[in-house]
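The values are calculated or read from the model by the stated rules, or taken from the named source; none is laboratory data. Worth saying up front: this structure is predicted, and the values here are computed from it rather than measured. Using ideal geometry, Cβ is built from the backbone for each residue, glycine included, and neighbour counts are taken over all protein chains shown.
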Amino acid sequence: MRWSRLSGGSSGQGGPGPLPRARSLALGRLLLAGAVAIAGTAALLGGRRGSSAEVQGAPLDEAAALPPPARPPGDPPESPATVTNRTAGTGTLADLIDLDQRTLATGGDHYEAQLRDGRHAVLTLDPALQAYAEKLLAEARAPRGAIVAMAPDGRILALAGRRGEPPAPASGAAHPRGTGKGTFDWRLATEVWAPAASVFKLVTASALVAAGVDPNDKVCFHGGLRSVVESNLHDDKHDSRCENLLYGVAHSNNAILGKLAFQKLEPAALTKTAHELGVADGFTGAELRGPAGTVDIPSTRDLTFAQIAAGFSGSQLSAVGGALLAATFADDGEQPVPHLVASIDGALVTAPGRRRAVSSTVAKAVGKMMMATCEFGSAAKSFGKRQPIHVAGKTGTLARTEPFYMEHSWFVGYAPAEQPAIIVSVVLGNPEDWHLRGHEAARKLIDQAIGQAAGQAGHATGREKDRTAKMTSTRRVGW
């Protein structure tokens, strides 16, 4: 499948250069317009419910709760954020949302959910992207898989997971293969079940740059394609090549990352960076439960530490955690808070504020490494530099045999690289006989998102003033 131009046409290998800045900024404006349109829809719909969406997975237990108490006379009106935080003593929004019971609004342009305290919420999920993410997971046939699409401000546009049957050897086949049977379960996107693999190299690279390592300084190495061994940690007579940190991340070279971490980093510094990037902590905000990821880094600087820095062990990541990691480098080192609720009872919910995770200098340096990954590194097959839209990302691959064999295939990234408008995170726990790699599924998802936004932008031409003034349209615009 070739990339779609933002004008709606297709492009070959000799297509135009990067996305024009003006068009990218227009896409950014559409993000805000989309949120406004959702709130307007909710105000018009009131308590109306749409038809049931086909969502699988066990629903959460019903919980009885009282509506928000009445405000005393003379009190100033509540802000949307205050309305959002009021939970009638039942906990956070994560306690009130039941995504298994979400419904598709009339017209199919957004999802709605009745909160456990009786209030009515409009969700940020984009029905078209959600359906496409689930389609990709079904196409992959992986025993486990998860996909997240997110706007740069943290709005979750797709939250999809699929749990298939364990792979079994097919008649006459050399390797077990995935089956077409499976159930969709969005929890696989928020749970930590996959090793971070080489995606963790983004954390290590951040710590190295913060420690003063110049991404362009050469380091000599040998091997490193599939392992880190003792001889990789020191200058060795077998060192036959010299490359830099950017090359090491782009090509996911384990020897380069392992050697630099062993020689330049203290374990405490890598642990600190993992916490700063949020991959060792729970989700921030009030709408999702669970850890973004986990890390277990020893205090001793040895071969094991070098292997952990390269992503072989010691770290796990959820699909949402991967999206947040990519979003941090997409936004100059600031990390958004993931959120699912666009409005409650017609009141627009303001996006939570970002937090500074790493410095702008670190974010820019690692962002260049992610662009190199897609231009000429491990993801070039899907995102080669001759494509009209530049993508920044990181791949990761690591096999485990428990509870059964799965080769975890990752891609986290953002597009367009120059003016990010969509964040993606894909992890597929593939059998030995796989159908899709993580970067291949991500390529299709990005193509769908960019094409969808372009179509909606064209549809919105000439109608923006009327839509803003009257707020009568129920069609979502932008992502």
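So, V249, is that one among the β-branched types (V, I, T), in contact with a Lys or Arg (Cβ under 9 Å, 6 or more places away or on another chain) and either crowded, with 23+ Cβ neighbours inside 10 Å or at pLDDT below 95 (or both) or not?
Details: among the β-branched types (V, I, T): yes; in contact with a Lys or Arg (Cβ under 9 Å, 6 or more places away or on another chain): yes; either crowded, with 23+ Cβ neighbours inside 10 Å or at pLDDT below 95 (or both): yes.
So V249 fits the description; yes.
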Find all pairs meeting these conditions: Cβ atoms under 7 angstrom apart; at least six residues apart or on different chains; first residue within the stretch 204-218 and polar (S, T, N, Q); second residue in a loop (DSSP other than H, G, I, E, B). S206/L277; S206/V358
Just one of L270, L340 is at pLDDT 95 or above and closer than 20 Å to L246 by Cα; which is it? L270
Filter result (over 14 Å from the mean Cα position of the chain (by Cα), hydrophobic (A, V, I, L, M, F, W, C) and closer than 21 Å to D331 by Cα) within the stretch 277-298: A280
Residues of the stretch 145-168 being surrounded by 23 or more Cβ atoms within 10 Å (Cβ to Cβ), over 15 Å from the mean Cα position of the chain (by Cα) and basic (K, R), in sequence order, are R162
Restricting the stretch 364-398 to residues that are among the basic types (K, R) and modelled with pLDDT of 95 or more, which is farthest from L436 (Cα to Cα)? K364
Spot the failing condition for S313; the list is (1) closer than 19 Å to V426 by Cβ; (2) surrounded by fewer than 19 Cβ atoms within 10 Å (Cβ to Cβ); (3) of a type in the set (G, A, S), and only one is missed. (1)
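Find the helices (runs of 4 or more DSSP H) located wholly in the stretch 302-383 whose residues include 1 or more that are farther than 23 Å from I256 by Cβ, within 18 Å of the chain's Cα centre (by Cα) and in contact (Cβ under 8 Å) with a residue 12 or more places away in the chain, and list them. Quick ask: steps written out before the conclusion?
Working: elements: 303-310, 319-330, 360-375, 380-383.
Here the list reads 319-330.
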Pick from the stretch 252-273 the residues that are buried (at least 24 other Cβ atoms within 10 Å of the Cβ) and either among the polar types (S, T, N, Q) or out of contact with any helix residue (DSSP H, G or I) (no Cβ under 8 Å at 6 or more places or on another chain) (or both): which of them is farthest from S227 (Cα to Cα)? T273
Could you please give the count of residues in the stretch 87-136 that are farther than 19 Å from I450 by Cα and not in a loop (DSSP other than H, G, I, E, B)? 17
Within the stretch 388-415, which residues are surrounded by fewer than 24 Cβ atoms within 10 Å (Cβ to Cβ) and part of a loop (DSSP other than H, G, I, E, B)? P388, I389, H390, T401, E402, P403, F404, Y405
Which condition from (1) under 17 Å from the mean Cα position of the chain (by Cα); (2) farther than 24 Å from P215 by Cα is the one that R400 breaks? (1)
